[in-house]
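Asker: This is the structure I want to talk about, given as structure tokens.
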Amino acid sequence: MTSSLRRTATLALVIPALALAACGSDDKASTTATTTAAAPAGLAQAALATKANAICKAANDKAKTVDLPQAADGAAAAATYFDALAAIAADQQQALAALTPANTVKVKWAAFLALNQEATDTVQDLPAAIRSSQAKAKVLTDKVGTLSTKINVAADALGATTCGSKAG
């Protein structure tokens, strides 16, 4: 979706649940032991980047199919365009947020997701702004441009270059 962000200028991390298993008791004594299964390890940076790149590629490819309106098409066409991009951005963000990073990359991943969520929210606000206020739409498109640059840096730091500087 970052390629779409460039055209105009996290959900919380999934926390793995711990499984609890209770041991039964026999008729003579009532004892219960509880063990905690280890949480899934999460994706190491390279695996996380690979999965993120696949998600971003799919979103970028989908965004490329949305016709870019021309200035002569007017505000309604621009708003429709951003309605389509907003849906793609939301789907991408949901898929990215579903990935569970390893502890070693959790902070970087959370920062990337937070920036991406902010950009997604901004793109979702654009259609209404375009329909109502050119001034507000300009502010939002400028914000998307700024966020796009920050997302590129955060994504590239993770190795998720398809989500960053190498987005289609």
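Asker: Against the condition under 16 Å from the mean Cα position of the chain (by Cα) and closer than 24 Å to Thr146 by Cα, how does Asp67 come out, does it pass?
Answerer: Values: under 16 Å from the mean Cα position of the chain (by Cα): no; closer than 24 Å to Thr146 by Cα: yes.
Taking the combined requirement at face value, the residue does not satisfy it.
Asker: OK, next. Among Ala137, Ala110, Ala129, which is the only one that is part of a helix (DSSP H, G or I), out of contact with any Lys or Arg (no Cβ under 7 Å at 6 or more places or on another chain) and surrounded by fewer than 21 Cβ atoms within 10 Å (Cβ to Cβ)?
Answerer: Working: Ala137 fails: surrounded by fewer than 21 Cβ atoms within 10 Å (Cβ to Cβ); Ala129 fails: out of contact with any Lys or Arg (no Cβ under 7 Å at 6 or more places or on another chain).
Going through Ala137, Ala110, Ala129 in turn, the sole match is Ala110.
Asker: Residues that are of a type in the set (A, V, I, L, M, F, W, C), modelled with pLDDT of 50 or more and surrounded by fewer than 10 Cβ atoms within 10 Å (Cβ to Cβ): does the stretch 62-83 have at least one? Working first, answer last.
Answerer: Taking the stretch 62-83 and keeping what is of a type in the set (A, V, I, L, M, F, W, C), we get 63, 66, 68, 71-72, 75-79, 82.
Next, from what is left, pick out any that are modelled with pLDDT of 50 or more: 63, 66, 68, 71-72, 75-79, 82.
If we keep only those that are surrounded by fewer than 10 Cβ atoms within 10 Å (Cβ to Cβ) too, we end up with 71-72.
Within the stretch 62-83, one or more residues are of a type in the set (A, V, I, L, M, F, W, C), modelled with pLDDT of 50 or more and surrounded by fewer than 10 Cβ atoms within 10 Å (Cβ to Cβ).
Asker: Separate question: Give Thr122, Thr104 a once-over and let me know the one that is buried (at least 17 other Cβ atoms within 10 Å of the Cβ), modelled with pLDDT of 95 or more and either more than 14 Å from Ala52 (Cβ to Cβ) or in contact with a strand residue (DSSP E or B) (Cβ under 7 Å, 6 or more places away or on another chain) (or both).
Answerer: Working: Thr104 fails: buried (at least 17 other Cβ atoms within 10 Å of the Cβ).
Criteria check complete, one pass: Thr122.
Asker: Conditions: (1) modelled with pLDDT of 55 or more; (2) surrounded by fewer than 16 Cβ atoms within 10 Å (Cβ to Cβ); (3) within 15 Å of the chain's Cα centre (by Cα); (4) not acidic (Asp, Glu). Asn116 meets all but one. Number of the miss?
Answerer: Against the list (1) modelled with pLDDT of 55 or more; (2) surrounded by fewer than 16 Cβ atoms within 10 Å (Cβ to Cβ); (3) within 15 Å of the chain's Cα centre (by Cα); (4) not acidic (Asp, Glu), Asn116 comes up short only on (2).
Asker: Which of the residues that make up the stretch 69-99 are closer than 21 Å to Ala154 by Cβ and among the aliphatic types (A, V, I, L, M)? Steps first, please.
Answerer: First, the residues of the stretch 69-99 that are closer than 21 Å to Ala154 by Cβ: 85-86, 88-99.
Matches in the stretch 69-99: Leu85, Ala86, Ile88, Ala89, Ala90, Ala95, Leu96, Ala97, Ala98, Leu99.
Asker: Does Gly145 meet the test of being at pLDDT below 95 and under 13 Å from the mean Cα position of the chain (by Cα)? Give the derivation first.
Answerer: Working: at pLDDT below 95: yes; under 13 Å from the mean Cα position of the chain (by Cα): no.
Criteria not met by Gly145.
The values are calculated or read from the model by the stated rules, or taken from the named source; none is laboratory data. These numbers come from a predicted model, not from an experiment. Methodologically, a virtual Cβ is constructed for each residue, glycine included, from the backbone with ideal geometry; neighbour enumeration extends over all protein chains shown.
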